[in-house]
Amino acid sequence: MLRRLFHSFDENGDGMISPEELCKCVQSVDLQEQLSMEEAEAIVEMLDSNNDGLLDLDDFSRLMECECGEEEEEEEEECRSLRGAFEVYQMEDQGCITTKSLSRALRRLGQGRTLEECAAMIRRFDLNGDGVISFDEFRIMMH
């Protein structure tokens, strides 16, 4: 898959990715990410192992590892934030949000609900039908 991606960036088929090719492909792949020519040149300069001003497959592989590492860090941070929010609602250290713990948390947040209302809220997001909200269900609910 990495090799296919590399070849899609290598527009002229010379087995190398120039700063121009990198800039053009990043902009066509991710419309929200703008990569200037100066940034593309800096990336190539940083990763270019043989100093020819171009990225070979190994250089490109290191670039993709950096990009994936940043995405993983963002996902881990999001997971930690969601875990903190989940902890607020579970309160009983059972690893899940129960009707009672949801009611208590909402009351503390000034948004009190009856147990029946909380049960209805849980039923709405309880994907496996066990009557409680697990962390995975909470994560889905929050997206």
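The values are calculated or read from the model by the stated rules, or taken from the named source; none is laboratory data. Quantities reported herein were computed from a predicted structural model and do not represent experimental measurements. When we count neighbours, we look across all protein chains shown, and the Cβ atoms used for this are built from the backbone with ideal geometry, even at glycine.
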_Suppose we keep only residues that are aliphatic (A, V, I, L, M), assigned to a helix (DSSP H, G or I) and under 15 Å from residue 23 (Cα atoms) within the range 48-83. Which one would you say is modelled with the highest pLDDT?_
63
*Could you tell me which residue of the range 85-94 is modelled with the highest pLDDT, considering only residues that are more than 15 Å from residue 125 (Cα to Cα) and touching a helix residue (DSSP H, G or I) at 6+ places or on another chain (Cβ under 7 Å)?*
88
_Among residues of the range 130-143, those that are modelled with pLDDT of 90 or more and in a loop (DSSP other than H, G, I, E, B), counted_ = 3
